[in-house]
Structure formats: structure tokens, C-alpha cells
Amino acid sequence: MHKKGFVYLVGAGCGSADLITVRGLRLLQSCDAVVYDDLIDPALLAQAAHAEQHPAGKRCGRHSMPQSEINSLLVRLGQSGKTVVRLKGGDPFVFGRGGEEAEELRDHGLPYEVVPGVTSAIAAPAYAGIPVTHRDAASSFTVITGHERDGKGNSAIPWGQVARLKGTLVFLMGMENLPRIVDNLVGHGMDPATPAAVVRYGTWPMQRTVCAPLASLEERVGEEGIENPAVIVVGQVAALRERLSWAERKPLFGKTVVVTRARHQASALASSLEERGAQVLEFPAIEIAPPTDPRPLAEAVAGIEAYHWVVFTSANGVDAFFAEAAAQHLDARCLAGVEVAAIGTGTQAALAAHGITQVQVAREFCAEGLAGLLADKVRAGERVLIARAEEARDVLPRALEEQGALVSDVAAYRTQAVAEGAEALAAALSAGDVDAVTFTSSSTVTNLLACLGGPTLLEGTDLYSIGPVTTETLRAAGLEPRAQAAEYTIAGLVAALVDSQEGELP
């Protein structure tokens, strides 16, 4: 018997990927196919990278797929036995036509489930600092379509009643009809001085909010160039924005920041920047690859008991070392009796994840700092293994050799340039759409410059360096960073960006 599929009508929430429900995310991660709306955060679609993906967006008359075709697609996928997520912006049943899709599925005997989402009617005002209800301003709120069904003729909205409501009015999909909305409200008796607001791209890093008395809202929107997608809020609560605005007060709000770190490491930096309001463009200028010759690392791990010290200069070196150890059926116990040293708290944390907690860490997170720390600890004649990048500087091994140590400088990994997305990044830089570029290592500088064909496109853009070695590489290319991290860590790099924005808050 042919397996019957299942369709989940899932609300993706409004804008930011973080606003999807836990259940919605779990379904997305396990589905066979996803049919998604326009304006879905790409980070959410990445959660379903394993699944078939079908775009079905509709915005202001531009339909990549008519609703009838969407319905047919859901039925076809369900009948083929697939578990399908119909990923809808906001909530499926709040002007999302989810009800029509549910009817179609029911008519074809297909099982379905509705997973609610955070509607933009609530989320966009909230991110603008506008509560849709407030004890002193509004005891109710009404959500109204601003884009009625084509061919209706006379409006189905009872404007006379709506204009007399004392609560908050929220209009979705209404920017094209803003003049009509204002005229109808004022024409049916609403005070022209009623506070009102328009929130564009609510919950996204590029959110913009305009507030004005109702009668002059259209004029203000025109002056500011506010277009769809946007939510219109009318009512006394809109006046609270000046006091309660929070998202747009984040230190990096409105800034577009490029992260050049390797893809598998970028998330921590990207998340920290996004938490502070930035819009992040990930351009992994490097990727981590096995060393050109893997034998020296394999031999060093196999003979690890012969070393007095093992030194790691990055989390990548730690991961590569323990990957090789696992391949040889070894674990953290292979370092029992060996002194371990590391550069930086990130490397220390990577070691701790493997159960290595007794680590010597220099106060200055660079090769020079670690060389200074080990100057009075490593004795002449002791064997030292340094597991690090193939293209690393020779500062540390040279310093240890000068102390009389017997150093094995082993390549645990190498970095290589990644050019994917270089054309789009170059276009964004040329258009002035990038506010800052972050560099977490010398290799990210070197490889980004190779992808961009030189430093020209970076001139005039704020550049941020994680430490002195990276700064030196930038300066060698004729580029001066706006700031260098005081502590040579990801947290320090983020702090450098935040500190540099003082006096530039919106």
C-alpha cells in the first residue's frame, strides 16, 4: 500500500529566524520537502538543506506561484508519501491563506497539522517598541487586512465601526492602500491627530520605523521612502515608541557587517553581532583543509608519549589533533603526563571540550605571548610538539629552539581560499552597502584580498582586526583597520565594533 504523506502548515514567525517555534524548527529539520513563502529567513531554509525546496512566494502581485498551484503542489507532495512543511511567514491562519490550503488538503484526504507562528501584527510593533495593548492606552487590538481580495468592489471592512474602536488597529499588507486607509479612518470620524506608525521589515536588522499623527502619516512615509513589507499601527500605543524603542537602540543596529571566518566557525561571531543589532553577511574567505602531508601529524600522535609538551595555537589545531587521535583509537588520555599550552581562550575552550582542562594559557593571545610564557617553563632538551596551521609564522618554534628545546613543528591543518560569493560581496562593497568587515586571522585578510582582486574595494570601509598579526597583514596591503580587538578573541573583536560605534547610535 502506498504510504500517505503528511503536511504541516508551519508559521515561520515574523522575519528573524529566531522567532520560529521549537516545534516548527524540529519539523523543518526532519521534513522531506519544504514549500516556502517569500521573506523567509535563509537561515531557516538552511535547516532544511536536506529536503526538497520549493519557493512559493507572493508579494504585492508578484507571484512566483499562484495559490492554486501551491495547493496542487502540497497535494502532490503529500500524495507521494512525503512529510511536507509548508513554511509560511508569520502565522498560517493570519492572512496567510493557510485556511484555504488546509481545506484543499482535507478535500484530498491528506492529513495535516497547523503549527502557529508569531504574526507580524504583534512582532513588528513589539520590535519597534509599540505594545499592541497597554493598560493605559489600549485594552484591545484589531488586525485588519490592508489588501482586500481583488474584485470585491466595495470594501468589506466596516470603516465606520473600525474608526470608532478605542483600541489598537494593525493593518497588514496595506502600504499600497495607505492613502485609502487614512482617508477612510479620518473620513469616518477618527481624530486626525491619533498617533500612528509604520514598521518596515519588522524584526529584521534592516527594520525602519516612522511615527506621525494619522493625518500626516502618508506624507512622512513618503519622505522616508518606506515601502513594503511593512505593518501599519494606529492608536495611542504608537506614542509609546519614543519611550519603549529597544531593537533600534542596539549598538550595531542598522550596520551591515561582513564575517570572513571559515564557515564552520562563523556562527559564534555572526550570532554575537546579530545580538547587537547588526545585519551579517557571511563570506567565508577561508576553509579548513587537511595538511598537504598528513603523515607528520599521524606520526606525532602515534608517538605522543615521547613529548614533554604539546602546544596548540588554535581551536582548529586542537580539532585536527583529536581527529587524528580518534583515527588511531586514542582519546584525551593520550595526553596524560604531558604539559599542554595554548594560545587564547578559544583554543583553551576547544581543549576543554575534549576533557583537557589543565592548560597553560598566555595572557597575550599570540605566538609572542605564548613564547614568553614558556620561556621559563620549557627546559633545554625537552621535546615539544607544536600542532598548528601549515602556513603559520615561525615565531614560536624559533623561540623554543633558542631555549634548547627539541621542537617538532607539525602541520595539523591548512587554510585555503574560498571564492564562493565573491562577486556578490564585491557588488555590495561597490554599492556602499557594507559598513564593516571583520578579520579573525591573517589568512582571512590574504584570501579575501585574493578573492576581491586587491585592496581597492575595501578602501573606505571600516575594517576590524582580531589582533596585531592580522593588523600587520592589513597594513602590509595598505589598509588601516578602524580598530583592533583589545583582547585577541571573538568577544574582543565584537567589543571593538561596539566601542567604535559610540556616538553613532540611531
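The values are calculated or read from the model by the stated rules, or taken from the named source; none is laboratory data. Computed from a predicted model, the values in this text were never measured in an experiment. Using ideal geometry, Cβ is built from the backbone for each residue, glycine included, and neighbour counts are taken over all protein chains shown. These accessible areas exclude ligands, DNA and RNA; they are computed on the full protein's heavy atoms, side chains included. Shrake-Rupley method; radii C 1.70, N 1.55, O 1.52, S 1.80 Å.
Show me the trypsin sites (Lys or Arg not before Pro) within the stretch 88-159 that DSSP assigns to loop and that have at most 10 other Cβ atoms within 10 Å of their Cβ.
Numbers: sites: 88, 97, 106, 135, 149, 152; in loops: 97, 135, 149, 152.
Answer by residue number: 135, 149, 152.
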Chymotrypsin sites (Phe, Trp or Tyr not before Pro) within the stretch 196-301: DSSP coil, no more than 15 neighbouring Cβ in 10 Å: 246
Tail beyond 20 Å, pair distance distribution of the stretch 283-405 (Cα, percent): 40
Backbone HN-Hα couplings from phi across the stretch 401-408 [Karplus 6.51/-1.76/1.60, Hz, Gly and Pro as x]: 5, 5, 7, x, 6, 9, 9, 10
Gain on full stretching of the segment that runs from residue 133 to residue 330 - 0.36 nm per residue minus C-alpha separation: 64.9 nm
³J(HN,Hα) computed for each position of the stretch 32-40 - Karplus, 6.51 cos²θ - 1.76 cosθ + 1.60, integer Hz, glycine/proline x: 8, 8, 10, 10, 10, 6, 5, 6, 7
Angle between the chain longest axis and helix 98-107 axis [Cα atoms, degrees, rounded to 10]: 90
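Accessible area per residue for the chain in Å², computed with a 1.4 Å probe and the full protein assembly in place, what is it?
On the way: 23580 Å² over 506 residues.
Dividing the accessible area of the chain by its residue count gives 47 Å².
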Mean-position separation - Cα centroids, the stretch 98-148 and the stretch 1-61, in angstrom: 17
Distant-in-sequence amide H partners of residue 281 (H built 1.01 Å from N, under 5 Å): 257, 258, 259
Distant alpha-carbon pairs in the stretch 2-90 (separation over 16 angstrom), percent: 49
Sorted peptide list for 391-398, 287-294, criterion being average Cβ within 10 angstrom, highest first: 391-398, 287-294
In sequence order, calculated HN-Hα J values of the stretch 282-299 (Karplus, 6.51, -1.76, 1.60; Hz; x Gly/Pro): 8, 10, x, 5, 10, 9, 8, 10, x, x, 4, 10, x, 5, x, 5, 4, 5
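From the Cα trace of the stretch 74-128, what convex hull volume per residue do you get, rounded to a whole Å³? Walk me through the intermediate numbers first.
Values: hull volume 3.6 nm³, N = 55.
Here the figure is 66 Å³ per residue.
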Relative contact order (%) - the stretch 208-291, alpha-carbon pairs under 8 angstrom, separation at least six: 24
Positive-end residue of 132, 182, 159, charge dipole of the chain with Cβ unit charges: 159
Crossing angle, helix 344-353 versus the chain [Cα axis fit, 0-90 degrees, rounded to tens]: 90
Packing rank of 476-486, 23-33, where each peptide gets the mean count of other beta carbons within 10 Å, highest leading: 23-33, 476-486
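For the stretch 263-329, what relative contact order do you get, as a whole percent, if you take Cα pairs closer than 8 Å and at least 6 residues apart?
Details: 22 pairs, mean separation 18.6, N = 67.
The normalised contact order for the stretch 263-329 reaches 28 percent.
What size of dipole, in debye to the nearest 20, comes out for the chain about its Cα centre when the only charges are +1 on Lys and Arg C-beta atoms and -1 on Asp and Glu C-beta atoms?
Numbers: 42 positive and 60 negative charges, 303 e Å.
Computed about the Cα centre, the dipole is about 1460 debye.
Two-decimal Rg/Rh of the stretch 418-506 from alpha-carbon positions, Kirkwood Rh?
On the way: Rg = 12.8 Å, Rh = 13.3 Å.
We get a ratio of 0.96 for the stretch 418-506.
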Cβ crowding within 10 Å averaged over residues, with 304-310, 415-421, 365-371 ranked highest first: 365-371, 304-310, 415-421
Angle in degrees between helix 490-500 and the longest Cα principal axis of the chain, rounded to the nearest 10: 60
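How high is the relative contact order of the chain, in percent, counting Cα pairs under 8 Å that sit 6 or more residues apart? Display every interim value, and only then the final one.
On the way: 1039 pairs, mean separation 53.9, N = 506.
Worked out over the chain, it gives 11 percent.
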Amide H partners (placed H, <5 Å) of residue 13, local residues excluded: 90, 118
